[in-house]
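Down below is the structure, laid out as structure tokens.
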Amino acid sequence: MTDSAAVQEAILEERLAFETVLSDLSSRFVAIEPAEVDSEIDDALRRVCECLGLDIAALWQLSPDEPGVFRMTHVYRRFDGPPIPDDFDAREFNPWALGRVFSGQTVVLPRVEQAPTEAVRDRETWRYFGIKSVFLFPLSTGGDGPFGAMSFHSVEEERSWPDEIVQRLQLVSQIFANAVVRKRVDSALRESEQRLKLAAESADIGMWMLDIENQRFW
């Protein structure tokens, strides 16, 4: 087998393995419980990185306390490196990339040096963490714009981002986005129910609930 054929075979094996991982993630996240979302995302980031030979993956979400601020909520790192601040504010460390995300754009950089001159702070951050290549994709479920972002990075070497890999990483990101939104909705519903319960108790009133489909009262 020639070197070229061996390379092509290795690429094919990698993509077939990634298809298997993607299929499994799709099925796992369909019926995931809200309490399991965080641990499942952490594990999924690890699996995706190991399958594609990526070194860092991170999920960012808009801060509920500071509108307009993205904070890292999940991260996987293949190698040790400089410690990541617990309060990693993208507004400070990646302002150019943050602006791209807010406008719904994808960042694809086989080499971080390809970033424009206005991304000087972003390049400093990427260099500090040893990052050589960047793929960044906004997270949204439609309607109100991005609520977060997914980033994938290579540390060991610069790498290209073929369209088929980009498309599949976007699909992975969408799976995460749907899971995060479901968790947020569940959390908001539980908080609303708790507030309603406290209000009823403080007012000393009783409440009835009707299941219309089964015509049953609680």
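The values are calculated or read from the model by the stated rules, or taken from the named source; none is laboratory data. Keep in mind it's a predicted model, so treat the numbers as computed, not measured. Virtual Cβ from ideal backbone geometry, glycine too; neighbours counted across all protein chains shown. Just the protein is used for accessible areas: all its heavy atoms, side chains included, with ligands, DNA and RNA removed. Shrake-Rupley method; radii C 1.70, N 1.55, O 1.52, S 1.80 Å.
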Counting only residues that are of a type in the set (Asp, Glu) and open to solvent by 40 Å² or more (accessible area, probe 1.4 Å), which one in region 41-71 is farthest from Phe129 (Cα to Cα)?
-> Asp65
Residue tally, condition surrounded by 15 or more Cβ atoms within 10 Å (Cβ to Cβ) and part of a loop (DSSP other than H, G, I, E, B), over region 72-104 | 3
Subset of region 148-175 (residues that are open to solvent by 70 Å² or more (accessible area, probe 1.4 Å) and either part of a helix (DSSP H, G or I) or within 21 Å of Asp42 (Cα to Cα) (or both)) | Asp163, Gln167, Arg168, Leu171
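Please enumerate the residues belonging to region 165-187 that are more than 14 Å from Ile32 (Cα to Cα) and at pLDDT 85 or above.
Of region 165-187, the ones more than 14 Å from Ile32 (Cα to Cα) are 165-174, 187.
Within region 165-187, Ile165, Val166, Gln167, Arg168, Leu169, Gln170, Leu171, Val172, Ser173, Gln174 meet the criteria.
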Kindly check whether there is at least one residue in region 32-45 that is at pLDDT 90 or above, under 13 Å from Phe152 (Cα atoms), assigned to a helix (DSSP H, G or I) and among the hydrophobic types (A, V, I, L, M, F, W, C).
-> yes
